[in-house]
1. Explain nothing, just the number: dipole magnitude of segment 338-469 about its Cα centre with +1 on each Lys and Arg Cβ and -1 on each Asp and Glu Cβ, in debye rounded to the nearest 20.
2. On the protein heavy atoms, probe 1.4 angstrom, tell me the percent of accessible surface of segment 262-336 carried by carbon and sulfur.
3. Would you mind working out the magnitude of the charge dipole of segment 282-411 relative to its Cα centre, with +1 at each Lys and Arg C-beta and -1 at each Asp and Glu C-beta, to the nearest 20 Debye?
4. Taking a ≥ b ≥ c as the square roots of the Cα gyration tensor eigenvalues, with a/c under 1.5 meaning rounded and otherwise prolate when a/b beats b/c, else oblate, which class fits segment 86-139?
5. I'd like the accessible area for T110: 1.4 Å probe, protein heavy atoms, all chains in place, Å² to the nearest 10.
6. Based on the Cα atoms of segment 190-278, what semi-axes does the equivalent ellipsoid have, where each is the square root of 5 times one gyration tensor eigenvalue, given in whole Å with the largest first?
7. Add -39500 (n - 2.57) for each DSSP H run of 4 or more in the chain, then divide by its residues: what number comes out at 222 nm, to the nearest 500 deg cm²/dmol?
8. So how far apart, in nm, are the two label points at R14 and H237 if each is 7 Å from Cα heading toward Cβ?
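The values are calculated or read from the model by the stated rules, or taken from the named source; none is laboratory data. Everything numeric in this text was worked out from a predicted model, so none of it was measured. Every residue, glycine as well, gets a Cβ built from its backbone with ideal geometry; the counts of neighbours run over all protein chains shown. Heavy atoms of the whole protein, side chains included, go into the accessibility calculation; ligands, DNA and RNA do not. Shrake-Rupley method; radii C 1.70, N 1.55, O 1.52, S 1.80 Å.
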Amino acid sequence: MSETLANLLHEERRFPPPAALAAAANVDASAYAEASADGPAFWERQARRLHWHRPWTQALDWSRPPFARWFVGGQLNVAYNCLDRHVEAGHGDRVAIHWEGEPGDTRTLTYADLHRAVCRAANALTDLGVAAGDRVAIYLPMIPEAAVAMLACARIGATHSVVFGGFSAESLRGRIDDAGASVVITADGGYRRGKPSGLKAIVDEALAGCASVRHTLVVRRTGQRVDWVDGRDLWWHDTVETASDSHRAAAFDAEHPLFILYTSGTTAKPKGILHTTGGYLTQAAYTHHAVFDLKPDTDVYWCTADIGWVTGHSYIVYGPLANGATQLMYEGTPDTPHRGRFWELVEKYRVTLLYTAPTAIRTFAKWGDDVPAQFDLTSLRLLGSVGEPINPEAWMWYREHIGGNRAPVVDTWWQTETGAMMISPLPGVTAAKPGSAMRPLPGIGADIVDDTGASVPAGGGGFLVLREPWPSMLRTIWGDDQRFLDTYWSRFGAGAGSGGDWVYFAGDGAKRDDDGDLWLLGRVDDVMLVSGHNISTTEVESALVAHPAVAEAAVVGATDPVTGQGIVAFAIPRGGVDGGPELLAQLREHVARTLGPIARPRQIMLVQELPKTRSGKIMRRLLRDVAERRSLGDVTTLQDSTVMDLIAAGMSAPA
Ligand code: 6R9
C-alpha cells in the first residue's frame with residue numbers, strides 16, 4: 001500500500017479540548033509518558049481500580065506468545081466489581097440504568113436494584129445446573145434483563161455468548177452449537193420500529209435438533225403468544241424473579257473465560273472471540289474512564305449500541321458499571337416514533353456523554369439539521385464515535401449540530417478482538433482532527449507497517465498492527481487455536497520486520513500523517529487496486545460525503561478489464577436533491593478534483609439505502625457482488641435483507 005493517495009492528510013482543522021474540560025480531565029498528557037516508561041506496570045496501576053479477591057503475582061506472562069496471561073494468579077469477580085462494591089461504598093441509591101422502551105415505557109434501576117436482580121438470576125441459573133465454565137447463550141432485545149443476564153453469568157463464572165436479537169435461527173443455531181451452550185436466555189419478543197418482533201419463535205427454530213441446550217429462560221416483554229416446550233422452557237418471572245436475592249460472589253481466576261462473541265461480516269464461518277476476566281475488565285474500565293472522562297456523580301452516559309455488539313459488552317455493561325456510571329439504555333430505533341427520538345432522550349435525561357456510530361451520524365445528517373435543533377442538547381459535553389472510519393464531514397456535523405461546537409469528539413478505533421478501545425484522542429489532551437482517531441491510547445503499541453512488516457514513516461500508509469500485548473486482547477478463537485494463529489499472528493508473525501516480536505494483524509488499512517497522527521482506512525479486503533494504485537474505499541467515500549448532494553456513500557472495486565479494478569460508488573442523495581445524470585457527472589468530477597483523476601469513479605449509482613450489518617457497518621462485499629453481477633453471498637448478517645434486492649434491481653449497465 002505504498003502508493004496511497006495523500007490528499008486526506010492535508011486536514012488543517014484542529015479542535016483542542018475546552019479549557020474547563022482539560023483542567024478537570026480524568027487523564028492528562030503525563031499518562032503517555034508514564035505508560036511508555038512503565039510497560040505492564042502501567043496496566044497494573046489500572047488493574048488496581050478494580051477489587052481483587054486475591055492479588056496477582058505477575059502482570060503479564062508472555063512466555064507462550066501469542067497466548068497471553070494477564071495478572072497471573074489474581075482472582076476477582078466481575079459482577080462484584082460492577083455492583084457489590086458500589087453498593088458497599090454507599091452508592092446503592094445511584095441510578096445505574098435509566099431504561100426507556102421504544103413505546104415509551106420506562107424503568108429505573110439503581111445499583112442496589114441491579115445488584116438484587118443479578119443475585120436472583122445467578123441463583124436461578126445455578127438452580128438450573130449452570131456451573132462455572134458452562135456456556136449460556138443470550139438472545140434478548142435491549143431491555144435491562146440483557147445486562148442482568150450477562151452479569152449473572154459473570155457472577156457464577158459461566159461464559160456468555162450474546163447473539164444479536166434478530167439474527168436468523170440459522171445464525172443463532174450455529175453460535176449455540178459452536179459454543180455448546182446449555183441454556184438460552186431470550187424473550188417473547190422486543191419492540192423495533194413500532195412493532196413487536198418475535199424472538200422466542202426464532203429460538204424454537206434454532207433449537208430444533210440442538211443437543212446441548214437443556215433450558216430456555218424467557219423474559220416476557222411484549223406479551224405476544226409463544227409456543228412452549230414443557231420441561232425445557234421456563235418463564236423468567238417464574239424462575240428468576242422468585243429466586244433469592246442473596247448471593248455471595250465467588251472469586252475467579254484472572255484468566256477465567258468471561259465471554260465468547262462471534263464476529264460476523266465475512267463469508268467464512270463466524271469466529272468465536274474469547275475474552276477472559278481480569279485484563280478485559282481492567283482495560284474496559286480504564287478506557288471508559290480515560291476516553292469518556294466519566295465523572296460518576298454527575299455524568300449521564302449513553303451508548304446507543306446494541307448489547308449484541310462488542311461495544312454493548314464493553315461500553316454498556318462492563319466498563320460503565322465497573323466505573324459506577326449512571327447510564328441511559330434505549331430499546332428501539334432512532335426514527336420511532338419520530339426522527340428526533342435520540343435528541344428527545346438526550347434532553348429528557350440530560351445526557352452528558354454520548355457514544356454512537358458513524359452510520360447513525362450520517363443518517364442524522366441526512367434527516368436534516370432542523371431535527372436536533374428542536375431539542376435542548378446543551379447537557380452534552382463529550383461525543384464518541386465507533387464502528388467505522390468517520391468521514392471528516394460527518395465528524396464536523398456531529399461536533400456542530402449535536403455538540404454545539406463545544407463538545408469534543410473522540411473517534412475510537414478498536415475491535416471485538418481487542419476487547420476495548422485502542423486508538424483514540426484523550427478528550428482533555430488531544431487537539432483532534434476531524435476524521436482521525438489520532439494516537440494509540442496510553443499503554444497501547446499500535447503501528448503502521450508495509451508489506452514486509454517494516455514501520456512506515458510519517459506520511460506513509462499500510463497495515464495497522466499492534467506490537468505489544470494488551471490486557472483486553474482476545475485469548476483465542478473458541479475451540480480453534482490454529483485459526484487464531486493464522487488469522488491474526490501469521491501475516492507479520494514473529495517474522496520479517498518484526499524484530500522477532502509477535503505482531504498482531506488487525507486487518508485494517510491506515511495512514512500516518514505528517515504529525516504522526518493515525519487515519520483508519522477500512523478493512524484491507526476493501527482496498528481497491530486501480531491501474532496499479534491502492535485506493536481506499538474510505539477516502540473515496542469521504543470525498544463523496546463532502547459533496548453537499550450526498551448523505552452517505554459506499555465504494556467498492558469491481559473487476560475491470562482495463563484498470564484491474566474500477567471504482568463503483570453507491571451514494572444516498574440528501575433529501576430534496578435531484579439525482580439526474582448531471583449530478584452523477586458532477587460527483588465523478590468532484591471526486592477526481594478532491595483525490596486525483598485516478599480516483600474518479602467508473603460508475604456512481606444513487607440508492608436509498610445501503611446494506612449494513614446490525615452494528616451499522618457497510619457490507620461492501622455484497623455491493624461488490626452487485627457491481628460484478630454475481631449472485632449475492634451470505635446475507636444473514638444484514639440488518640435489512642430487502643435493501644439488496646432494491647439495489648440489485650437498480651444496477652444499470654456500466655457507463
Ligand atoms: C468496536 C467494533 C471492528 C472493525 C475494525 C475497523 C472498524 C471500528 C473504528 C473502525 C475506523 C474507527 N472500526 N471502529 N474503523 N475508525 N473508530 O466496531 O468492533 O464490530 O469487531 O469491528 O470496525 O475496521 O477492524 P467490530
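1. Details: 12 positive and 14 negative charges, 91 e Å.
Roughly 440 debye, rounded to the nearest 20.
2. Numbers: 730 of 1370 Å².
Carbon with sulfur: 53 percent of the solvent-accessible area.
3. On the way: 10 positive and 15 negative charges, 22 e Å.
Charge dipole of segment 282-411: 100 debye, to the nearest 20.
4. Oblate, because a/c is 1.5 or more while a/b does not exceed b/c.
5. Rounded to the nearest 10, the figure is 30 Å².
6. Numbers: eigenvalues 142, 107, 45 Å².
Taking √(5λ) for each Cα gyration eigenvalue gives 27, 23, 15 Å.
7. On the way: 19 runs with 168 residues, N = 655.
Helices in the chain give a 222 nm mean residue ellipticity of -7000 deg cm²/dmol.
8. Between R14 and H237, the label points sit 5.9 nm apart.
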